[in-house]
Amino acid sequence: MTGRVAELADLRTRILEGPSAKATEAQKAKGKLTARERLELLFDKDTFTETEPFRRHRATGFGLEDKKPYTDGVITGWGKVEGRTVFAYAHDFRIFGGALGEAHAQKIHKLMDLAETAGAPIVGLCDGAGARIQEGVTALAGYGGIFQRNVRNSGVLPQISVIMGPCAGGAAYSPALTDFVFMVRGTSQMFITGPDVVQAVTGEKITQDGLGGADVHAETSGVAHNAYDDEESALEDVRHLLSLLPSNNRELPPAEPAYDPVDRRNDVLLDLVPADPNQAYDMRAVIEEIVDDRDFFEVHERWAPNIICALARMGGQVTGIVANQPQRLAGVLDIESSEKAARFVQMCDAFNIPLVSLVDVPGFLPGVDQEHGGVIRHGAKLLYAYCNATVPRISLVLRKAYGGAYIVMDSRSIGTDLALAWPVNEIAVMGAEGAANVVFRREIAASDDPEATRQARIAEYRDELMHPYYAAERGLVDDVIDPALTRATLIEALTMLRNKHAALPARKHGNQPQ
């Protein structure tokens, strides 16, 4: 027995060291950490337990029978993040370039099944060259098993993908099915067809980073939620994100003691937000002012920046915040911002995170490109997400809320639990100027002084239909509040709604707009 134990210890040591020093040096030369170093950064110290470290492939042909490294190019297991159980797999690029084969895939399948059984999040550290070509169709079937489990656990377990190297072809679909995708600049790329294929088919020349680098996906395509300069900061933010999410959809997000006073006044908001609805300001400053310790975690910061989606704590409780950003495109809704917010609302609803919507929206972005691009169906995605959400929902109109965009931004009419407004709010079909031009068009045209008549009718329309208490008088706003009391009011309302229970009609699933 003693001899066998010594043999086991020696084998474990060799597995931990990896395939060779040369392979490790090559990984480092690319500016990348090894798979085990990444796992050490992800998990609390000395908490990672590996599964199937002795697994080896059984394929033959093309020289594979002579090369059977342990782990088969992927490290799987579980550990603790901030004291809570999390499952993870990490591709080891030093072995077969991290390419997925049959045994490699089966290890990931087992891990995902175990995570489902334990009810804990899954983190994928992706650094692989796609399917292992030498194993043929069995490698492709392995991807199918991963995709099927991604979908089965969607909305059940938090799933996070961190792209730390190449992720091409079929491999890119698994991250796209997960809740969050993080990428690292300079070392990670995602695309279905690489630059060589693109050039052969279309004649376009482009680099790997230009086609599918971190900045491209964080700013242009929206595939990545966040991009980072190095792997360390990416994994630090993964740990932070996990601290804001429940372990599964049957739990509430983890609460923390609120050291920031719940009743802290927000007098700075009186000067921060201009009363003039056409004057821009930074909505991020508003969010900082009302959340605990002025700290929030923004997702998709650089994609569709005219809307902000963030997780924060308010009174120690995790809250999802959706807010129009007047600094970008005046905060209008368009195709991309609607998709961004809809996905975020669905994620919050799936994982029992209450929603606060900060509304300052002039409408939907007009234009031929928007209409031809399907702004109707894309805008309907956000409408569908809000209407379908059963978590506590609070909307606050800071200034303007016009037309269909007002309805879509979680208005009373689509089921928000509490609709609040500041005393400078303007809730209407459209701005007073546009409304007067439509309603009083003939009168203005026939007037001896059209401009004076127009200004008089604008003032009349504003006084009659757009004064701050018009919606409140009709029950469409529950209360008009002092901006300085915003934080205290929202936290009190969230506390009241904490045990909200709402049931949807019995159905297999809805048919949401695509």
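The values are calculated or read from the model by the stated rules, or taken from the named source; none is laboratory data. None of the values given here were measured: they were computed from a predicted structure. Ideal geometry is used to build each Cβ from the backbone, glycine not excepted, and the neighbour counts take in all protein chains shown. Side chains included, ligands, DNA and RNA excluded: accessible areas come from the protein's heavy atoms. Shrake-Rupley method; radii C 1.70, N 1.55, O 1.52, S 1.80 Å.
Name the single residue, out of those in the stretch 151-160 being out of contact with any Phe, Trp or Tyr (no Cβ under 7 Å at 6 or more places or on another chain) and buried (at least 18 other Cβ atoms within 10 Å of the Cβ), that is nearest to residue 93 (Cα to Cα).
159
Give the stretch 156-172 a look and list any residue that's outside any strand (DSSP E or B) and either among the β-branched types (Val, Ile, Thr) or out of contact with any strand residue (DSSP E or B) (no Cβ under 8 Å at 6 or more places or on another chain) (or both), or say none.
The answer is 156, and nothing else.
Could you please give the count of residues in the stretch 1-54 that are of a type in the set (A, V, I, L, M, F, W, C) and under 18 Å from residue 228 (Cβ atoms)?
Result for the stretch 1-54: 5.
Which residue, of 138, 85, 117, is more than 26 Å from the chain's Cα centre (by Cα) and either surrounded by fewer than 24 Cβ atoms within 10 Å (Cβ to Cβ) or not in a helix (DSSP H, G or I) (or both)?
138
Report every pair of residues separated by at least 6 positions or lying on different chains whose Cβ atoms are under 7 Å apart, first residue within the stretch 177-193 and over 16 Å from residue 125 (Cβ atoms) and open to solvent by 10 Å² or more (accessible area, probe 1.4 Å), second in a strand (DSSP E or B) and among the aliphatic types (A, V, I, L, M).
185/227; 191/168
Only one residue in 55, 12, 36 is touching a Lys or Arg at 6+ places or on another chain (Cβ under 9 Å) and either under 28 Å from residue 81 (Cβ atoms) or in a loop (DSSP other than H, G, I, E, B) (or both), so which one is that?
Checking each option against the conditions leaves just 55.
Kindly establish whether residue 89 is of a type in the set (Phe, Trp, Tyr), on the phi < 0 side of the Ramachandran plot and at pLDDT 90 or above.
Yes, satisfied.
Among the listed residues 484, 419, 452, 445, identify the single one that is surrounded by 12 or more Cβ atoms within 10 Å (Cβ to Cβ) and part of a helix (DSSP H, G or I).
484 is the lone residue from the list that is surrounded by 12 or more Cβ atoms within 10 Å (Cβ to Cβ) and part of a helix (DSSP H, G or I).
Give the residues of the stretch 40-52 that are without any contact (Cβ under 8 Å) to a residue 24 or more places away in the chain and part of a loop (DSSP other than H, G, I, E, B), sorted by residue number.
45, 46
For residue 93, are the conditions met, namely being part of a loop (DSSP other than H, G, I, E, B) and of a type in the set (Phe, Trp, Tyr)?
The answer is yes for residue 93.
In this structure, does residue 251 turn out to be open to solvent by 60 Å² or more (accessible area, probe 1.4 Å) and part of a helix (DSSP H, G or I)?
no
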